[in-house]
Amino acid sequence: MTVLIPTECDYYDAHGNGEEVQKYMDFKQRSRTDPNLKQQFPWSFEVVDGYFKQTDPEVDDQLFDYIGEDFGRLKPWAEILDALEELNKTAPSNVAYKLIFCARHGQGYHNVVYEKYGHVEWEAKWGALTSDGAIVYGPDPELTPKGIEQAKINHRAWKKQLILGAPIPDVFYCSPLQRSCLTLHHTWDELRPRHKKPIIKEILRETIGIDTCDQRSSKLVIEERFGDLGYVVEGGFTEMDTLWSAHSRESYSEQTIRIDRFFQDLFEQEWDHHNDHSKRHSIVSTTSHAGTIRCMLLTVGHRPFAISTGGMIPLMVKATRN
């Protein structure tokens, strides 16, 4: 069996609790009527069916092998890309479409500890620590050898799909946590054109607070690690991690609102009244985390879908500016 099939813990992470989902849905409803929120969140999102198997509710996300299934695509890449171009050309000026590849980092040392003790013990004890006496997993843990191999499997899968007509993304965005940066590097090494420099974005990080694995390194350390590999830290990035706290943790709904802001910025920064889609990044790569991807799927109305460490899910997203 492939090392990219979700575990029970991955499934648990993907299928968040209904109360938090409802809190986010209530927030989105308020954003349509509250003038202040509407100004901050002018875009609404939906996933477009018919392009990838993962949108089909009959597909079992615990067994789905996206590499063996050609990333889940239902059509040849040429048809998908032609459809994306046509959708954008014929869309009203307040509508835009993007193909977004949402990659999860490969296995980190914290994932090993999480699997070792299970969710309940992780929440009660181990998440807030940095080591269990055998493994150091915080802060900002590295990839395990398995995690590196998972990224290299994706490298080979992308190489195959590129030959079959898959697009190289127009832009690469990455979480600042090193497990995501390393995954992007091993996945896209020698496939990503050098001028397409990955942009490290604070907003794409994992759920913030308490768990030491989710405390990021300093800006200086991040730049020392990844600057020579072509990574660029976004403007406004603080030197130290001022968001992480040992005393409180972001809720699922709070994180989803944060990820909604990422999508808002993604579409707003390229939007104009002249509908000039030629200047837009229609194909986007993100490399982040299980919790982050869970929030992405909720934001665009995709069904919950378990993603293994090192896994990926493609999304055809329609955005409407209200």
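The values are calculated or read from the model by the stated rules, or taken from the named source; none is laboratory data. Values in this document were obtained by computation on a predicted structure and should not be read as measured data. Cβ sites come from the backbone with ideal geometry, for glycine too, and all protein chains shown count toward neighbours.
From the list Thr320, Thr238, exactly one residue is more than 19 Å from the chain's Cα centre (by Cα), in a strand (DSSP E or B), farther than 24 Å from Asp10 by Cα and of a type outside the set (Gly, Ala, Ser). Which is it?
Values: Thr238 fails: in a strand (DSSP E or B).
Checking each option against the conditions leaves just Thr320.
When the residues of the stretch 203-232 are narrowed to those that are among the acidic types (Asp, Glu) and surrounded by fewer than 20 Cβ atoms within 10 Å (Cβ to Cβ), which ends up farthest from Glu254 (Cα to Cα)?
First pass over the stretch 203-232, keeping only residues among the acidic types (Asp, Glu): 206, 211, 214, 223-224, 228.
Okay, now just the ones that are also surrounded by fewer than 20 Cβ atoms within 10 Å (Cβ to Cβ), so 223-224, 228.
Values: Glu223: 28, Glu224: 31, Asp228: 34 Å.
If we take residues in the stretch 203-232 being among the acidic types (Asp, Glu) and surrounded by fewer than 20 Cβ atoms within 10 Å (Cβ to Cβ), then Asp228 is farthest from Glu254 (Cα to Cα).
So, of the residues in the stretch 272-310 that are of a type in the set (S, T, N, Q), modelled with pLDDT of 95 or more and assigned to a loop (DSSP other than H, G, I, E, B), which turns out to be surrounded by the most Cβ atoms within 10 Å (Cβ to Cβ)?
Step one: filter the stretch 272-310 for residues of a type in the set (S, T, N, Q), giving 275, 278, 282, 285-288, 292, 299, 308-309.
So of that shortlist, the ones also modelled with pLDDT of 95 or more come out as 282, 285-288, 292, 299, 308-309.
Okay, now just the ones that are also assigned to a loop (DSSP other than H, G, I, E, B), so 282, 308-309.
Working: Ser282: 21, Ser308: 24, Thr309: 28.
Within the stretch 272-310, the match that is surrounded by the most Cβ atoms within 10 Å (Cβ to Cβ) is Thr309.
Anything in the stretch 152-192 that is closer than 28 Å to Leu220 by Cβ and surrounded by fewer than 19 Cβ atoms within 10 Å (Cβ to Cβ)? List them, or say none. Correct list: Val171, Asp189, Glu190. If you go through the stretch 141-166 and keep only what is within 14 Å of Met312 (Cβ to Cβ) and part of a loop (DSSP other than H, G, I, E, B), you end up with just Ala166.
Residue under question is Lys53, and the condition is that it be surrounded by 13 or more Cβ atoms within 10 Å (Cβ to Cβ), more than 19 Å from the chain's Cα centre (by Cα) and not hydrophobic (A, V, I, L, M, F, W, C); does it hold? Walk me through it before giving the result.
Details: surrounded by 13 or more Cβ atoms within 10 Å (Cβ to Cβ): yes; more than 19 Å from the chain's Cα centre (by Cα): no; not hydrophobic (A, V, I, L, M, F, W, C): yes.
Answer is no for this residue.
Evaluating Trp43 against the criteria (1) within 19 Å of Val3 (Cβ to Cβ); (2) in contact (Cβ under 8 Å) with a residue 24 or more places away in the chain leaves one unmet condition, (1). Within this structure, Glu123 passes the test of being surrounded by 13 or more Cβ atoms within 10 Å (Cβ to Cβ), under 17 Å from Asp13 (Cβ atoms) and of a type in the set (Asp, Glu).
With respect to Asp61, is the statement that it is assigned to a loop (DSSP other than H, G, I, E, B), more than 15 Å from Val284 (Cβ to Cβ) and touching a Phe, Trp or Tyr at 6+ places or on another chain (Cβ under 8 Å) true? Break it down stepwise before answering.
Values: assigned to a loop (DSSP other than H, G, I, E, B): yes; more than 15 Å from Val284 (Cβ to Cβ): yes; touching a Phe, Trp or Tyr at 6+ places or on another chain (Cβ under 8 Å): yes.
So Asp61 fits the description; yes.
Residue-level check: of (1) in contact with a helix residue (DSSP H, G or I) (Cβ under 8 Å, 6 or more places away or on another chain); (2) modelled with pLDDT under 95, Gln269 misses just (1). Looking for something part of a loop (DSSP other than H, G, I, E, B), in contact (Cβ under 8 Å) with a residue 24 or more places away in the chain and under 14 Å from the mean Cα position of the chain (by Cα) - is there at least one such residue anywhere in the stretch 210-227? No. The requirement of being at positive phi, acidic (Asp, Glu) and free of Cβ contacts under 8 Å to residues at least 24 places away in the same chain is satisfied by Glu190. For Glu239, the conditions (1) of a type in the set (Asp, Glu); (2) touching a helix residue (DSSP H, G or I) at 6+ places or on another chain (Cβ under 9 Å); (3) in contact (Cβ under 8 Å) with a residue 40 or more places away in the chain are fulfilled apart from (3).
Scan the stretch 168-184 and tell me whether some residue there is under 18 Å from the mean Cα position of the chain (by Cα), part of a loop (DSSP other than H, G, I, E, B) and over 26 Å from Gly291 (Cβ atoms).
The initial filter retains those residues of the stretch 168-184 that are under 18 Å from the mean Cα position of the chain (by Cα), namely 168-184.
Remaining after also requiring part of a loop (DSSP other than H, G, I, E, B): 168-170, 175-177.
After this cut, where a residue has to be over 26 Å from Gly291 (Cβ atoms) as well, the list is 168.
Checked against the condition, which is being under 18 Å from the mean Cα position of the chain (by Cα), part of a loop (DSSP other than H, G, I, E, B) and over 26 Å from Gly291 (Cβ atoms), the stretch 168-184 yields at least one hit.
Among the residues of this structure, Tyr24 counts as one that is among the hydroxyl-bearing types (Ser, Thr, Tyr) and assigned to a helix (DSSP H, G or I).
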